[in-house]
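Beneath this line is the structure, given in structure tokens, with notes to follow.
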Amino acid sequence: EMEHVGFTFPNEWRKTLNDVTVKFTAGTKTAIVGPSGSGKSTLLQLLLNIYPVDQGEIRINQQPISSLHQEDLWHVANVVLQENHFFYGTIRSNLQLAKDGLTDEEMKTALERVNLAHFSLDDPVFEMGENLSGGEKQRLAIARAMLRGKKSWFLDEPTSSVDAVTEQTIYQHLFEQAKDDTVIFVSHRLNGLEKMDQIIVMDQGKVVESGSYEALMQRK
């Protein structure tokens, strides 16, 4: 949970987040939506302890996030950010970052679920994934997150470079896998929100509305 959280990037005059109070209950699915620059991605990054908050407090299981190591948080999470790291090697070696002991079959299944079945596990990956398109990098990052198999998902615009049909297929597999997990999902697209338990609408660093899809639709 976040309580009265404020945050400003260094050397910025404008607050990126201003008095944000939200709660993410274990096992629920939350979408964070809003226009570009509204603070959606920053909110997710604060939950991952990438930056310390300026005001307020973030707690995970009642523990202040400041008392937790960032590595410990990432160890129990499946994370897909807007920029995902790939190193020089193969598809296999980049997927093996997910966890130890993965079989080729498990990795091939993950590639199929994100519509990358045309890739061989031995196909090369250049430094920073330079030989992959934006959509391929996003799908490879999602496959890696699926292979991690943790119970918390932090997804920041994970399919912004993917076509709508492929996106629908990916989310079908992802949400089936994550049906009992906690999902926090940042998106600029508004399709598929009816499946969410909670939708947080942000604008100019503030939460302007929150509630279920039905509640927000009733309030127009």
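The values are calculated or read from the model by the stated rules, or taken from the named source; none is laboratory data. The model shown is predicted, which means the values in this text are computed figures rather than measured ones. A quick note on method: Cβ atoms are made from the backbone with ideal geometry, for glycine too, and the neighbour counts reach across all protein chains shown. Keep in mind that these areas ignore ligands, DNA and RNA; they rest on the heavy atoms of the full protein, side chains included. Shrake-Rupley method; radii C 1.70, N 1.55, O 1.52, S 1.80 Å.
If Asn84 satisfies all but one of (1) open to solvent by less than 40 Å² (accessible area, probe 1.4 Å); (2) modelled with pLDDT under 95; (3) more than 21 Å from Met128 (Cβ to Cβ), what's the number of the condition it fails?
Evaluating Asn84 over (1) open to solvent by less than 40 Å² (accessible area, probe 1.4 Å); (2) modelled with pLDDT under 95; (3) more than 21 Å from Met128 (Cβ to Cβ) leaves (3) as the failure.
Restricting segment 61-96 to residues that are over 17 Å from Leu44 (Cβ atoms) and of a type in the set (Gly, Ala, Ser), which is farthest from the chain's Cα centre (by Cα)?
Here the residue is Gly89.
Inspect segment 158-175 for any residue being of a type in the set (S, T, N, Q), modelled with pLDDT of 95 or more and either over 25 Å from Glu214 (Cβ atoms) or touching a helix residue (DSSP H, G or I) at 6+ places or on another chain (Cβ under 8 Å) (or both) and give the result as yes or no. Before you say what the answer is, go through the steps one by one.
In the first step, residues of segment 158-175 are kept if they are of a type in the set (S, T, N, Q); the result is 159-161, 166, 168-169, 172.
Now restrict to residues that are modelled with pLDDT of 95 or more: none.
No, there is no match, as no residue in segment 158-175 is of a type in the set (S, T, N, Q), modelled with pLDDT of 95 or more and either over 25 Å from Glu214 (Cβ atoms) or touching a helix residue (DSSP H, G or I) at 6+ places or on another chain (Cβ under 8 Å) (or both).
Considering only strands (runs of 3 or more DSSP E) fully contained in segment 1-110, which possess at least 3 residues that are under 24 Å from Ile170 (Cα atoms), touching a residue at least 12 places away in the same chain (Cβ under 8 Å) and not hydroxyl-bearing (Ser, Thr, Tyr)?
29-33, 77-80
So which residues in segment 123-178 are free of Cβ contacts under 8 Å to residues at least 40 places away in the same chain, surrounded by 21 or more Cβ atoms within 10 Å (Cβ to Cβ), over 21 Å from Thr103 (Cα atoms) and within 13 Å of the chain's Cα centre (by Cα)?
Thr159
Can you tell me which residues in segment 166-220 are among the basic types (Lys, Arg) and in a helix (DSSP H, G or I)?
Scanning segment 166-220 gives a single hit, Lys195.
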